[in-house]
Every structure is written in C-alpha cells, then in structure tokens.
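Heads up: the structure comes next, in structure tokens.
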Amino acid sequence: MPWDYEPRSFPISWDDEGTPTQYFTPDFYLPDDDLYIEITTMSQKLVTKKNGKLRRLKELYPEIGCKLFYQRDYLNLVVKYGLEGPENLEEAPAPTRIPGRPAVVRLEERGERLIG
C-alpha cells in the first residue's frame, strides 16, 4: 500500500493579517484511499489538544479525510498482526516519532505476505 509521511501541513489558525499561526500536519497520507492518518500515543492533555486540531481541520477542510488512531488502536494492531502477544498488550511500547522519512520494508520483496 503506498503512503507518504507528513506530506502536507494544513493551516488551521491565522493572525489578524491573514498569516497562518498554527498548522496541523497528519502523520501519513494514503493516496489510494485519499486519506490522512494521525497517530497519537501521547498524554491525555496532548491528545485533547490534537483532537481540537483535528476538529478544526474538519471544519476548515471538510473535503479532507483524516482519521485519528489512539494508543489503544495501535496496540490492538500490534496484537492483531502478531507483533506482540495479547498477554503483553499493556507492556507493548508506544511508537516514537523519529524525524525524517521512515524506512519502508515491503513484505513482497522479502517473499512474505500478509494473512488477514
């Protein structure tokens, strides 16, 4: 599945002169689905702030599809695809954001397939 890492920032707040003062930059873009994905595993205070930014994005750009995934969503995917056992769900480490584009490993190139 093709994807892009942080390909676009959307202005969501402006000063009195019309200069953007705040942006929302979703983590990933899935071009085949025309969908942006934001993943958050931060403290509740920061999650609340991110939810506000996502609401603002939807108000200003209703044509932009964006989904927010929380830490529990990430952990459930980790278990679903066998990266951790369910007994380790509470202990599974949250992902961290590393600056720059992440390395892409295509399973087909390694002779593997996803079984779902």
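The values are calculated or read from the model by the stated rules, or taken from the named source; none is laboratory data. Note that this is a predicted model, so its numbers are computed, not measured. Counting neighbours? That spans all protein chains shown, and the Cβs are built from the backbone with ideal geometry, glycine included. Ligands, DNA and RNA are excluded from the accessible area calculation, which covers all protein heavy atoms including side chains. Shrake-Rupley method; radii C 1.70, N 1.55, O 1.52, S 1.80 Å.
Numerical summary
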read-out	value
Some residue of the stretch 2-9 being under 17 Å from GLN71 (Cβ atoms), touching a strand residue (DSSP E or B) at 6+ places or on another chain (Cβ under 9 Å) and of a type in the set (D, E, K, R)	no
Residue selected from the stretch 27-51 under the condition acidic (Asp, Glu) and under 13 Å from PHE69 (Cα atoms), by the criterion surrounded by the fewest Cβ atoms within 10 Å (Cβ to Cβ)	ASP27
Test: residue in the stretch 52-74 that is aromatic (Phe, Trp, Tyr), open to solvent by less than 50 Å² (accessible area, probe 1.4 Å) and at pLDDT 80 or above	yes
Residue that is nearest to THR41 (Cα to Cα), among those in the stretch 12-30 that are in contact with a Leu (Cβ under 9 Å, 6 or more places away or on another chain) and touching a residue at least 40 places away in the same chain (Cβ under 8 Å)	PRO26
